[in-house]
Amino acid sequence: MTGSPRKRPDLCCQRITWQDIDLTPVQALVQLAKEEDLEGGGLRSGTKTPGDHSAALLPADQKAKAYLRARKELVVCGLPLAREVLAAYHPGLSLAPDCQDGDFLRPGQSIASISGPVRALLSAERPLLNFLQMLSGVSTETRRYVAALGETSTRLLDTRKTTPGYRILEKYAVACGGAWNHRIGLFDRVMLKDNHIAAFGPEPKAATVEAVRRSRQKHPKMLVEMEVDALEQIEYALAAEVDVIMLDNFADEELHEAIKLIGDRACTEASGGITIERLPRIAGIGLDFISTGALVHQSSWIDIGLDWE
């Protein structure tokens, strides 16, 4: 990494867009959702009579139109995914959006209209709503945290605490809610935690320096972040010249002291014990980043209705 990361926080985070997403695993998730609903996917025995036997009572050529509407205030997320869901059920199903991902909607506002064969639309309804309600729940919760942080140069980040298999979608929802994405996985950043340092040797400062040296040697352009849980450990991180110092479970007063010690020598990230009530207290103390898994694991599905014309 070149230059001062303190002056370039954009090097240490990102915002996933829909264009960044590989649709292959997304389409596999959609197919899984379809199979478990229509074929008993996930059960050893499956089912001997697959299909939507309720929708099949209607004529095959009957058409329908329905409207996705917000039932509560929400930040919408998942419209491109909705198209993937509909396509998995029938090529004749079409979606006409009335907004875009990231938009804030009030109760009653239209998200999109859907039209096409009634059988396919009825079958797709629940999986479609499941995806939209889950992702819009994440983006809506994220917006609450961003609002609590307020106007500040500190950026709010997510974490790797995501639903297995849904990480990219949930991180996309975080970005739609106005926050930023931390590392995506183990592959895109070196993160040194206490167990890593201990594995490099008994003397923590020397172990930290050696760990960073090896990282720079193997991956010279990759960010190196170190987690510290005590003020005295900051000395080790600075000696090793890490890019980002994560201040784990620091009290407010300790965060102030840590920022003074670090200065412009590394980016600073507060993590652990981050609540929505605490954000306004630490918003203006000069942190580069605040990260929390709550954006995902404390979110709730948001109510979205599919109203038929």
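What follows draws every value from the coordinates through simple rules; no lab data is involved. Note that the structure is a prediction, hence the values are computed from the model and not measured. Note that each Cβ is placed from the backbone with ideal geometry, even for glycine, and that neighbours are counted across all protein chains shown.
Here the calculated FRET efficiency for residue 241 and residue 21, from their Cβ-Cβ distance with R0 = 30 Å, stands at 0.30, rounded to the nearest 0.05.
Label reach from residue 195 (point 7 Å along Cα→C-beta): in segment 209-239, amide nitrogens under 15 Å belong to 227.
Across 97, 220, 127, mean-square fluctuation computed from a Gaussian network of the chain (C-alpha pairs under 10 Å connected) peaks at 220.
Enumerate the lysines that residue 260 could reach by cross-link, defined here as Cα to Cα under 25 Å, with residues fewer than 8 away along the same chain left out. Filter leaves 7, 193, 205.
In degrees from 0 to 90, rounded to the nearest 10, what is the angle of the helix 118-149 Cα long axis to the longest principal axis of the chain? With both axes taken from Cα atoms, the answer is about 30 degrees. Extending 7 Å from the Cα toward the beta-carbon at both residue 37 and residue 281 defines two label points whose distance is 4.5 nm.
Over segment 147-297, the ratio between the Cα radius of gyration and 2.2 N^0.38 Å evaluates to 1.04. Taking the 0 to 90 degree range and rounding to the nearest ten, how far is the long axis of helix 252-262 tilted relative to the main principal axis of the chain, both from C-alpha atoms? Computed tilt is about 60 degrees. Couplings for segment 297-303, taken from phi via the Karplus curve 6.51 cos²θ - 1.76 cosθ + 1.60 with θ = phi - 60°, read 7, 9, 6, 10, 4, 9, 6 Hz in order; Gly and Pro are left as x. Run through every distinct alpha carbon pair of the chain and return the Kirkwood hydrodynamic radius in angstroms, one decimal place. For the chain, the Kirkwood estimate is 21.6 Å.
Adding -39500 (n - 2.57) for every DSSP H run of four residues or longer, then dividing by how many residues the chain holds, sets the calculated 222 nm ellipticity at -11500 deg cm²/dmol.
Stretching the chain fully between residue 264 and residue 308 yields a gain of 10.1 nm (0.36 nm per residue, less the alpha carbon separation).
Which lysines does residue 63 reach when only Cα atoms under 25 Å apart count, and residues fewer than 8 places away in its own chain are ignored? In chain and number order, the partners are 34.
Taking 0.36 nm per residue of sequence separation and removing the Cα-Cα distance, the residue 213/residue 96 pair yields an extension gain of 36.8 nm. Expressed as a whole number of Å, what is the distance separating the alpha-carbon centroids of segment 149-185 and segment 263-309? That distance is 8 Å. Helix 23-38 versus the longest principal axis of the chain: what is the Cα-based angle in degrees, 0 to 90, to the nearest 10? So the helix axis and the longest Cα principal axis differ by about 50 degrees.
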